[in-house]
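Participant: A single structure is presented below for examination.
Please treat every number below as a calculation from the coordinates, not as lab data. Predicted model, so just to flag it, every value in this text is computed and none were measured. Virtual Cβ from ideal backbone geometry, glycine too; neighbours counted across all protein chains shown.
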Amino acid sequence: MLGLTGASGAPYAARVLRALVEAGAAIGVVSSRAGRQVIALECYGDREMDPGGALERFVADNGSPEVRVYAESDYAAPYASGSARTDAVIVCPCSMASVGSLAAGIESNLIHRAAAVQLKEGRRLVVVPRETPLSEIHLENLLRLRRAGAAVVPAMPAFYGLPESIADMVDFVASRVLAAAGVDLALIPSWGSR
């Protein structure tokens, strides 16, 4: 499952979604209302775009007809129960509000519930926080998630691969997210292969 929350970073989620489709994964997408607003702005440059329409367009542009979209209040979705085997839940981007909710065990939507299920079942949870600067509270919440078993993959592009475009920097972060989720798909050359 790919969950999108209200932090900046929708282009990272778009690349992760395209890569998951390339890898042949069964994918469910859930977005918070704030996440849909971020999609409208960052992917389509339109602050006035209908948030629901933004998510539909996002999935159409980056997914495939097999990608299933779930409402953030849909607790009948398979991700809401540990009895449904979910290989990984990726929350990208992950707002600090969501980080705080997850760290406190608060399940106010399907994204939070799916993440909590992954933690309680000992399965893969990848959170991609995008905030700067980080307060002590943010750092403590991220540490708490890490200690609970989540992979914390901050949206921090690297420059040692000599990126030539923003897309190259997005690929770097998306590649790290996919690796943490257990998806074997190289979006960037491995270190030493250039």
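Participant: So, in the range 11-34, exactly how many residues are assigned to a helix (DSSP H, G or I) and within 16 Å of residue 89 (Cα to Cα)?
Facilitator: Result for the range 11-34: 10.
Participant: So which pairs qualify, if the first residue must be in the range 49-66 and surrounded by fewer than 19 Cβ atoms within 10 Å (Cβ to Cβ), the second must be among the β-branched types (Val, Ile, Thr) and assigned to a loop (DSSP other than H, G, I, E, B), the Cβ gap must be under 8 Å, and the two must be at least 6 apart or on different chains?
Facilitator: Filtered contacts from the range 49-66: 66/27.
Participant: If you don't mind, another one. For residue 143, all conditions in the list (1) of a type in the set (A, V, I, L, M); (2) closer than 20 Å to residue 112 by Cβ; (3) in contact with a helix residue (DSSP H, G or I) (Cβ under 6 Å, 6 or more places away or on another chain) hold save one; what is the number of the exception?
Facilitator: (3)
Participant: Give the residues of the range 170-194 that are within 16 Å of the chain's Cα centre (by Cα) and aliphatic (A, V, I, L, M), sorted by residue number.
Facilitator: The answer is 170, 173, 174, 177, 178, 179, 180, 181, 183.
Participant: Additional query: Of all residues in the range 69-115, which are surrounded by fewer than 24 Cβ atoms within 10 Å (Cβ to Cβ) and in a helix (DSSP H, G or I)?
Facilitator: 78, 79, 80, 96, 97, 100, 101, 103, 104, 112, 113, listed by residue number.
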